[in-house]
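Student: One structure coming up, written as structure tokens, with questions to follow.
Values in this text are rule-based calculations from the coordinates and carry no lab data. For clarity, every value in this text was computed on a predicted model and none was experimentally measured. Ideal geometry is used to build each Cβ from the backbone, glycine not excepted, and the neighbour counts take in all protein chains shown.
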Amino acid sequence: MGDASDLKQALEAALRRVHELEDMLETRKLLEKAKGILMEQQNFTEEMAYRIIQKMSQDQALSMKEICRSLIQVKMALGKSSFRKSL
């Protein structure tokens, strides 16, 4: 029975790792998009954009992922309001 138990534990550990990697990939994608927004809108360098996001994360006690999501949502909201004005 030890082999089955060991196999189950290994499988559970592997699944946890897959979920961690998926989360890291999602965070990376959001970070790249948020940096792009800051670079485009504020003329920041990539490094400056990263540091701004990092500082906002620390100052607001939020994850960088949450900060990036917020920046993206604001960009989307502003983009939509700009579109409506042009109609």
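Student: Can you give the Kirkwood hydrodynamic radius for the range 1-46, in Å, rounded to one decimal and based on Cα pairs?
Tutor: Details: mean 1/r = 0.0761 Å⁻¹.
About 13.1 Å for the range 1-46.
Student: May I pose another question? Express the relative contact order of the range 2-85 as a whole percentage, based on alpha carbon pairs under 8 Å and six or more residues apart in sequence. It would help to have the intermediate numbers written out before the result.
Tutor: Values: 38 pairs, mean separation 22.1, N = 84.
So the answer I get is 26 percent.
Student: Which three semi-axes in whole Å describe the equivalent ellipsoid of the range 2-85, each the square root of 5 times a Cα gyration tensor eigenvalue, listed largest first?
Tutor: Values: eigenvalues 274, 44, 22 Å².
Over the Cα atoms of the range 2-85, the semi-axes work out to 37, 15, 11 Å.
Student: While we're here: Projected onto the charge dipole of the range 2-85 (+1 at Lys/Arg Cβ, -1 at Asp/Glu Cβ, origin at the Cα centre), which of 52, 37, 7 gives the Cα projection farthest towards the positive end?
Tutor: About the Cα centre, the residue reaching furthest to the positive side is 37.
Student: Here's a follow-up. Can you tell me which of 66-75, 11-20 comes out highest on packing, and rank the rest after it, using the mean Cβ neighbours within 10 Å?
Tutor: Details: 66-75: 17.1, 11-20: 10.0.
Ranked by mean Cβ neighbours within 10 Å, highest first: 66-75, 11-20.
Student: Please state the charge dipole magnitude for the chain, taken about the Cα centre, from unit charges on C-beta atoms (+1 on K and R, -1 on D and E), reported in debye and rounded to the nearest 20.
Tutor: Details: 15 positive and 13 negative charges, 139 e Å.
Dipole of the chain, to the nearest 20 debye: 660 debye.
Student: At residue 6 and residue 70, where each label point lies 7 Å from the Cα along Cα→Cβ, what is the point-to-point distance in nanometres?
Tutor: With each label point 7 Å from Cα toward Cβ, the separation is 4.8 nm.
Student: Between residue 14 and residue 41, what is the label-point separation in nm under the 7 Å Cα-to-beta-carbon projection?
Tutor: Each label point is offset 7 Å from its Cα along the Cβ direction, giving 4.3 nm.
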